[in-house]
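Report on the structure given below.
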Amino acid sequence: MLLRRLVAAAGLSLLGLCPALAQQKPAELKIGITTYSSGAASVFGIPARDAAEMLAADINAKGGVQGVPVKLFFVDEGAGIETLMTEYRRLVEDTKVDVMFASISSGVCNKIAPLAEDLKVLNFMWDCGTQRILEEDKYNYVFRTQANATPEVLAPLLYLLKTKPDFKTIAVVNQDYAWGRDSWAIFSQALKVLKPDVKVVAEFFPKFGAADFSTEVSRLLALKPDVILSTSWGGDLDTFVRQANQRGLFKSSQFVLPLAESSLQRLGTDLPEGVIVGGRGDHYFLHPERIGDAKFKAFMDAFKQKTGSYPIYPVFHMAQAFSALEAVYAKAVAANGGKWPSHDQVAKAMPGLTFQALGRPVEIRTDGQGVEDQLIGTTTRVPAYSFDILDNMMIFPAAQLMPPVGQKSEAWIATLKPSIVDIKVDAFKAAK
């Protein structure tokens, strides 16, 4: 009441003072993070959570984000979509988080994106891959701090066409939800454009979390396709690979597993040599360009010491989300004359942002989509590790594997020419 009287006496407006008051640095920067802490996908989500805790601790040890310490709030995606949506809303409306990192599942991101926009909360899609979200709708608060399905699927296809071009038949085994369906749509459409004589002999979409792939494996053994594609991930991919390997399926078909970098350590020798593997970005603990970097090595060693395993690509994706967070607040503070920015000012600073975490630099386009190069390789076995590592690696430039802003992937893929197979890549041998 006293403040109101003083303002009135001075002929000023409280409304005019509010922006100045709002620029005060908060006591902490609150970040809500959704990841799988339970269920089959937790083999993927828990490493990401471990990484988030490490990254937050490192940021706070350095003084915080622009001098503000970060505080994390986790939500388990494994609890189901209704619970997740309720918890998401609670974190935004009651806990007053400043930023949300959500989510892993493409099906979840399809639901979260419009909710984030409705709540006007800055949301980093830190891992989900479906390209449809940012191609079919425009958002002011939703951004992807990594690539989407289009370059993540086209890169392994081009790798296949560069290294094993003489295949005649192909089959797919993908999880039955947004990512599995969308990624196959991209791969199959591009295949029709670039190698139209290839015949699709089987399309299998087992339910998410399936524990038994005996039917699919039996059919594939009978069909003997030259190539078997699976963009599955987490526990589903691990189970499929083990059951397929036990019955000798890898001996009759060339496997292409665009997300299997995250499964290499868990599968050990259950994953044979010669399998084409991707890391959903240039994510790899033996990254051929970063392996000699002191900060890169320090994080790899610290994560291995903390968890007993080397980082997998969800760890790299989480690192990118935190790197984007630091970069966008630095950009927004600078644009605001050194004052602490509002949430809207931070969101407006996202388009055009460039940042770098553990891989190559990533840029956020004007449509909110991250542009991220793609590393693909072939599994090989060396004495130094109890699991397969990647050899004959190629890093593909993502900017050439994505439709321009405003175009949808399906329409853009239809315009591709066979000459794209000759795209220039950076090639590397295994670090042995």
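Looking only at the stretch 202-222, how many residues end up being open to solvent by 20 Å² or more (accessible area, probe 1.4 Å) and either touching an Asp or Glu at 6+ places or on another chain (Cβ under 8 Å) or closer than 22 Å to Arg280 by Cα (or both)?
Looking only at the stretch 202-222, we keep the residues that are open to solvent by 20 Å² or more (accessible area, probe 1.4 Å), and these are 203-205, 207-209, 211-212, 214-216, 218-219, 221-222.
Retained after the next criterion (residues that are either touching an Asp or Glu at 6+ places or on another chain (Cβ under 8 Å) or closer than 22 Å to Arg280 by Cα (or both)): 204-205, 207-209.
Looking only at that region, the number is 5.
On the basis of being part of a loop (DSSP other than H, G, I, E, B), crowded, with 21+ Cβ neighbours inside 10 Å and at pLDDT 95 or above, does Met350 make the cut? Before you say what the answer is, go through the steps one by one.
Working: part of a loop (DSSP other than H, G, I, E, B): yes; crowded, with 21+ Cβ neighbours inside 10 Å: yes; at pLDDT 95 or above: yes.
Here the answer is yes, as Met350 does meet what is asked.
Looking only at the stretch 316-347, filter to residues that are part of a loop (DSSP other than H, G, I, E, B) and without any contact (Cβ under 8 Å) to a residue 12 or more places away in the chain; which one of those is least open to solvent (accessible area, probe 1.4 Å)?
Gly338
Within the stretch 350-371, can one find any residue that is at positive phi and either more than 16 Å from the chain's Cα centre (by Cα) or of a type in the set (D, E, K, R) (or both)?
yes
Please name all residue pairs, on different chains or six or more residues apart, with Cβ atoms under 6 Å, provided the first residue is in the stretch 189-214 and is at pLDDT 95 or above and the second residue is aromatic (Phe, Trp, Tyr) and surrounded by 14 or more Cβ atoms within 10 Å (Cβ to Cβ).
Filtered contacts from the stretch 189-214: Phe213/Phe240.
Restricting attention to the stretch 235-254, report how many residues are under 22 Å from Glu152 (Cα atoms) and either without any contact (Cβ under 8 Å) to a residue 12 or more places away in the chain or buried (at least 22 other Cβ atoms within 10 Å of the Cβ) (or both).
So the count comes out to 4.
Suppose we filter the stretch 223-234 for residues that are surrounded by fewer than 21 Cβ atoms within 10 Å (Cβ to Cβ) and assigned to a helix (DSSP H, G or I); how many remain?
Of the residues in that region, 1 qualify.
Which residues, counting only those in the stretch 302-315, are touching a residue at least 40 places away in the same chain (Cβ under 8 Å), over 21 Å from Leu122 (Cα atoms) and not aliphatic (A, V, I, L, M)?
Phe303, Lys306, Thr307, Ser309, Tyr310, Pro311, Tyr313
Can you tell me which of (1) within 20 Å of the chain's Cα centre (by Cα); (2) open to solvent by less than 10 Å² (accessible area, probe 1.4 Å) is the one Pro114 doesn't meet?
Among (1) within 20 Å of the chain's Cα centre (by Cα); (2) open to solvent by less than 10 Å² (accessible area, probe 1.4 Å), Pro114 violates only (2).
Has the stretch 90-109 got at least one residue that is of a type in the set (Gly, Ala, Ser), within 29 Å of Lys339 (Cα to Cα), open to solvent by less than 40 Å² (accessible area, probe 1.4 Å) and in contact with a helix residue (DSSP H, G or I) (Cβ under 9 Å, 6 or more places away or on another chain)?
If we filter the stretch 90-109 for residues that are of a type in the set (Gly, Ala, Ser), which is where we start, we get 102-103, 105-107.
If we keep only those that are within 29 Å of Lys339 (Cα to Cα) as well, we get 102.
Still in the list and also open to solvent by less than 40 Å² (accessible area, probe 1.4 Å): 102.
From what is left, the residues that are in contact with a helix residue (DSSP H, G or I) (Cβ under 9 Å, 6 or more places away or on another chain) are 102.
For the stretch 90-109, residues of a type in the set (Gly, Ala, Ser), within 29 Å of Lys339 (Cα to Cα), open to solvent by less than 40 Å² (accessible area, probe 1.4 Å) and in contact with a helix residue (DSSP H, G or I) (Cβ under 9 Å, 6 or more places away or on another chain): present.
The values are calculated or read from the model by the stated rules, or taken from the named source; none is laboratory data. Bear in mind that the values here come from a model prediction, so they are computed numbers and not experimental data. Don't worry about glycine lacking a Cβ; one is built from the backbone with ideal geometry, like all the others, and counts go over all protein chains shown. Surface accessibility is based on the protein's heavy atoms, side chains included, excluding ligands, DNA and RNA. Shrake-Rupley method; radii C 1.70, N 1.55, O 1.52, S 1.80 Å.
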